[in-house]
1. Can you confirm whether segment 11-29 contains a residue that is part of a strand (DSSP E or B), open to solvent by less than 40 Å² (accessible area, probe 1.4 Å) and either closer than 24 Å to residue 132 by Cβ or at pLDDT below 85 (or both)?
2. Could you tell me whether any residue of segment 17-38 is within 29 Å of residue 117 (Cβ to Cβ) and of a type outside the set (Ser, Thr, Tyr)?
3. Is there a residue being within 18 Å of the chain's Cα centre (by Cα) and not in a loop (DSSP other than H, G, I, E, B) anywhere in segment 96-103?
4. Restricting attention to segment 62-69, does a residue exist that is out of contact with any Cys (no Cβ under 9 Å at 6 or more places or on another chain) and assigned to a loop (DSSP other than H, G, I, E, B)?
5. Looking at 111, 122, 138, which is the one that is surrounded by fewer than 16 Cβ atoms within 10 Å (Cβ to Cβ), β-branched (Val, Ile, Thr) and assigned to a helix (DSSP H, G or I)?
6. Mind checking whether some residue in segment 73-83 is in contact (Cβ under 8 Å) with a residue 24 or more places away in the chain, surrounded by 12 or more Cβ atoms within 10 Å (Cβ to Cβ) and in a loop (DSSP other than H, G, I, E, B)?
7. Does residue 128 fit the bill of being open to solvent by 10 Å² or more (accessible area, probe 1.4 Å), over 27 Å from residue 195 (Cβ atoms) and touching a residue at least 60 places away in the same chain (Cβ under 8 Å)?
8. Do we have residue 41 as surrounded by fewer than 23 Cβ atoms within 10 Å (Cβ to Cβ) and touching an Asp or Glu at 6+ places or on another chain (Cβ under 6 Å) here?
Amino acid sequence: MSKVKYYAIKDETHKTIVESWDEALEIIKTYDKPKYKAFSIKEEAEAFLDDKEYDDGVTEPKAYIDGSFNSKTNSYGFGAILIIDEKEYIFKKGYFEEDEYTSLRNVAGEIKGAGFIINYSINHNIKKLHIFYDYEGIEAWYTGRWKASSSIAIEYKKFSDSVKDRIEVVFHKVKSHTNNKYNDKVDKLAKESVLMA
């Protein structure tokens, strides 16, 4: 069963949300200078129409992570933002020496970022952490839903098994490039992480 998509369309005087791309196309033709975008969450579509940032509604400690790969330097890295009591802790790290994970490109950055932020949270006595991600392996390998076969996935699964009694991790999959300020920030941090100084 395919997931519902929400197509938000607006111009200076109109705004609407539909669940069919064919219907969206018909509306786009009638709007003057239309702006439109697809979303997997209706509240995100509504935020787009109202020019507001989407609020994920989580008040407990939470982190956004993203990975990136620079094909020119053959380097991968991650950006992460940890939010505790509305205070932001910002991290980014690039891996410029080619290693066994480089061939996985941005996926290596995603996994390194997840491991880093979980470890950081444990070291700062956080007992429950919400992680927002856009690459499914971050959750699927951690929970064992996907079988770990690559070296980085095996390492990540061993790490998750070793920390599960110290921290509860709640995962949230988000669509990249939505109207969520943390999503946008972490995407930028990840890209910066693979730029040479």
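The values are calculated or read from the model by the stated rules, or taken from the named source; none is laboratory data. Please read these numbers as outputs of a predicted model, since none were measured by experiment. Cβ sites come from the backbone with ideal geometry, for glycine too, and all protein chains shown count toward neighbours. Protein only, heavy atoms only, side chains kept; ligands, DNA and RNA dropped before computing areas. Shrake-Rupley method; radii C 1.70, N 1.55, O 1.52, S 1.80 Å.
1. no
2. yes
3. Of segment 96-103, the ones within 18 Å of the chain's Cα centre (by Cα) are none.
No, that holds for no residue.
4. no
5. The match here is 122.
6. yes
7. Answer is yes for this residue.
8. no
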